[in-house]
Each structure stands twice: as C-alpha cells, then as structure tokens.
Amino acid sequence: MSKPLISALAQFAAATAGRNMTKTAYVAVGVGVLSMVLLTDNRANEARGWVNGLLWVCLVYFVFEWLIRLRHMARQGRLSLYMSSSAGIVDAIGALAVPLALVLGVEPKTAWLLSVLWVLKVVPGIPGLRQLRRVLVLESGPLVSVLVIFLMVIFLASVAEYFLERDVQPQTFGSVPAALWWAVVTLTTTGYGDVVPVTPLGRLVAALVMISGLGVFGLWTGILATGFAAETRRDNFLKTWESVSKVPFFAALGPAAIADVTHMLRTMELPARTLVIRKGTQGDCMYFIAAGEVEVDLPGKKVQLGEGAFFGEMALLGNNKRGANVSTTKVSRLLVLDLVDFRVLMARHPDLAETIDAEAKRRALENT
Ligand SMILES: Nc1ncnc2c1ncn2[C@@H]1O[C@@H]2COP(=O)(O)O[C@H]2[C@H]1O
C-alpha cells in the first residue's frame, strides 16, 4: 500500500475511533439510504451499476468504521461495554445486516433494503435526545393514562359500531377486529374513508370518536410541550445556579437565598467586543459577571471589571440614565437582574443592597 494511502487511512481511523458520528459518516448514511431508495425505483434502472457501487462503498465504509471502533475499544479495555451499548449495537447492525442477508441467499434488492437501518446511526448525535428521554420518563404517568383512554375509546367504539353496522355492512363491520380498524383510522383522525358507518346511530358514535381523537392528541401534545418547557426551565436554572454560586458577591448567601436569587437571574453569553450598556439610555437591569471581562468607558479613562464584579447598578439607584458605555473585552457570561427583581432582591437581602449601594456611591465619587 502506498504511504499517502496508509497515512490517510490512519488519519481516518483516528478521527473515527472514539466519535459517534463524523461528517463522513453522515454523508455515508445519506448517500447509502438514498441509493437504497433508488434501487427500488425501476426508473433508475439505467443507473443501477452506479447505485450498486455507491451502496457497496457505504457498506465497506461502515464495516471499516465498526472494525476500527472494535479495535479502539479493545485497546482501551472497553470492548464489552461498547458492544452492549446502543451505539455498539447500531454499528454492528449497520456493518452486518446486509452482508448476512446476502450470505443467507436473500435476493440482493431485498437484502439492500436492510441498509435503511443505517439511519439509526444518526440517533446518538440528535441534539436534545437526552431531554426528550427525560421528558418521556418524567411524564410517563400522564402519557400512559392518555394511552389507556385511547385504547378504551377504541374498544368501546369498535364494539358499538359492530353492533350497529354488522347487519347493514357485513363485509366491513362483520367482526369486532374489522370494526377495530375503522376505530383506529377514525380516532387518529386519519380518515381513509374505506370503511364508513351508514346508520344514524353508527354516525353518531363516529362523531364522538372523532371528537375524542382530537382530545386525546391535544392532551398528548400538551403533556409533551409542558414537559419540554419544565425541562428547559430546569436546565436553565441549573446553569444559572452554577454561575451564581461562583460569584463571590452571592457566595456569602446561604443555599436557600442562592436558590431565591437564581430564580431572579437569567444568563447571557456574549462574544468579545459587544456593547452591553449604551451611555444615556434608560437603565432597566443590572449585570453580574460570572465569567469574562467588561470595560467601562469613562471620560479620560477605561475601567476593567472582571469575574464576580457587577455593573449597571447606578442607573437603577439614581436617575435611570446610563452613565457610561460598557462593552465586553472577552467572551463573557453575564447574569442579568431586571429592575423589578432588583427591587425585590434589595428588599429581601438588605446586606446585598448595602454592598451595591456603597459601591455605586464610591463609583459616583470616583467619576466626579
Ligand atoms: N468608576 C467606575 N468604576 C467601575 N464601574 C463604573 C464606574 N463608573 C460607572 N461604572 C459602571 O458603569 C455603568 C454604566 O451604567 P450605569 O450608570 O447604570 O452603571 C454604571 C456602573 O455600574
């Protein structure tokens, strides 16, 4: 093998070994699945050679990727952990499913259908998947309750329709299982229209089932949306909590007071050289620096404020007008306290109020 090829392979192996999905892997999944779809379409018969070639290239890529990961994990002593993990199982399926089917004599066009399983490889890389899993676990109670209601309505409705329609339409409502098909199609509001009740009472039941369908899906959507919102709030709270507890100004407070303060603050991530406060504008919040640095642009001098410092308090305590431009000098994380919460905080924690007040007075004196 030539040297450049060996070094390219080594580079590829290093990039592939520890990571779930590389950019090349995403491309391979896309090309592979698209080729499989083309293989099933007779209009693409002329390009069959190319499509087959692409499928084989993708398969070789996934086999190679799997072998590299197996070797990497074996070297790290984590082979069994990897093989039993979801990523390991998906990698093994991606590498072995099609070859096994071909070896077992399955017709190639059918065997290549298994390449649809390659899409599973992108699952671990989906952002927010952990959040979705947490929402499903936390909200499993209400979700299951709605599922039970869903099944109940399906069974009650299908038995009712069987009773009401069987004599008029023995072909379509001749048994409860046949009526079940109608109930699922109706309750999910799909409405193929292949099976339709014709008796007045049958239609009344159908109307009730359709309305129940809307209710059931509305409930599911509501439960998931509330779950996601709560999860995002929890994530934000934890992030803000971490930042708040690092600011020395708040460190003296007990855990209960820190939690109280955390509810009032929101986090803001800013790049370097971003104007945070413009001189002369109305002040409606103050800031604490959780990370990074800002520069206060005063007449004749510039003052740098680092981690743990606060700014923007003077407008809230004085005439509401900002006294100077303030911008970030580095990537910074600021905790923002809005005016309403500023007042609540000052009332609840007089010691903090005193510190902020004293610093504002000192700054005002320094600026005169
Ligand atoms: N001398 C100073 N040293 C540090 N910070 C200052 C000084 N003067 C003003 N600031 C800050 O710059 C902010 C500009 O907006 P505010 O006037 O709301 O609040 C001001 C203070 O927080």
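Worth a mention:
- Checked across segment 319-327, the condition of being more than 11 Å from the ligand (Cβ to nearest atom), among the β-branched types (Val, Ile, Thr) and in contact (Cβ under 8 Å) with a residue 24 or more places away in the chain holds for no residue.
- Residue selected from segment 308-318 under the condition within 38 Å of the chain's Cα centre (by Cα) and either farther than 13 Å from residue 282 by Cβ or near the ligand (Cβ under 6 Å from one of its atoms) (or both), by the criterion surrounded by the fewest Cβ atoms within 10 Å (Cβ to Cβ): 308
- All positions within segment 153-184 that are among the β-branched types (Val, Ile, Thr), at pLDDT 95 or above and touching a Phe, Trp or Tyr at 6+ places or on another chain (Cβ under 8 Å): 176
- Residue within segment 292-303 that is within 29 Å of the chain's Cα centre (by Cα), surrounded by 15 or more Cβ atoms within 10 Å (Cβ to Cβ) and either modelled with pLDDT under 95 or more than 9 Å from the ligand (Cβ to nearest atom) (or both) present: yes
- Residue match in segment 1-17 (condition: closer than 15 Å to residue 121 by Cα, of a type in the set (Ser, Thr, Tyr) and in a helix (DSSP H, G or I)): yes
- Of all residues making up segment 329-342, the number that are more than 30 Å from the chain's Cα centre (by Cα) and within 13 Å of the ligand (Cβ to nearest atom): 2
- Pick from segment 9-48, criterion among the polar types (S, T, N, Q) and without any contact (Cβ under 8 Å) to a residue 12 or more places away in the chain, ranking: nearest to residue 87 (Cα to Cα): 22
- Qualifying positions in segment 83-112 - outside any helix (DSSP H, G or I) and under 16 Å from residue 29 (Cα atoms): none
- Subset of segment 53-110 (residues that are of a type in the set (Asp, Glu) and under 30 Å from the mean Cα position of the chain (by Cα)): 65, 91
- Within segment 338-349, residues that are over 14 Å from residue 320 (Cβ atoms) and free of Cβ contacts under 8 Å to residues at least 24 places away in the same chain have Cβ atoms under 6 Å from residues that are assigned to a helix (DSSP H, G or I) and among the aliphatic types (A, V, I, L, M) in these pairs: 346/353, counting only partners at least 6 apart in sequence or on another chain.
- Checking each residue in segment 283-304 for being farther than 19 Å from residue 346 by Cα and either among the aliphatic types (A, V, I, L, M) or part of a loop (DSSP other than H, G, I, E, B) (or both) picks out 290, 291, 292, 293, 294, 296, 298, 299, 300, 303.
- Whenever a residue of segment 268-285 is basic (Lys, Arg), its partners that are in a strand (DSSP E or B), lying with C-beta atoms within less than 7 angstrom and at least six residues away or across chains, give the pairs 273/327; 273/328; 278/325; 279/325.
- Subset of segment 337-354 that is surrounded by fewer than 17 Cβ atoms within 10 Å (Cβ to Cβ) and touching a strand residue (DSSP E or B) at 6+ places or on another chain (Cβ under 9 Å) - its residue that is nearest to residue 318 (Cα to Cα): 339
- Selection within segment 22-50: residues that are in a helix (DSSP H, G or I), within 23 Å of the chain's Cα centre (by Cα) and not aromatic (Phe, Trp, Tyr). The member of this set that is surrounded by the fewest Cβ atoms within 10 Å (Cβ to Cβ) is 23.
- Residue 84 at pLDDT below 95 and out of contact with any strand residue (DSSP E or B) (no Cβ under 8 Å at 6 or more places or on another chain): yes
- If you go through segment 320-334 and keep only what is out of contact with any Leu (no Cβ under 8 Å at 6 or more places or on another chain) and among the small types (Gly, Ala, Ser), you end up with just 323.
- Residue that is under 15 Å from residue 337 (Cα atoms), outside any loop (DSSP other than H, G, I, E, B) and away from the ligand (no atom under 16 Å from the Cβ), where the choices are 269, 231: 269
The values are calculated or read from the model by the stated rules, or taken from the named source; none is laboratory data. Keep in mind that what you see is a predicted model, and the values were worked out from it rather than measured. Quick reminder, even Gly has a Cβ in these numbers, built from the backbone with ideal geometry, and neighbours come from all protein chains shown.
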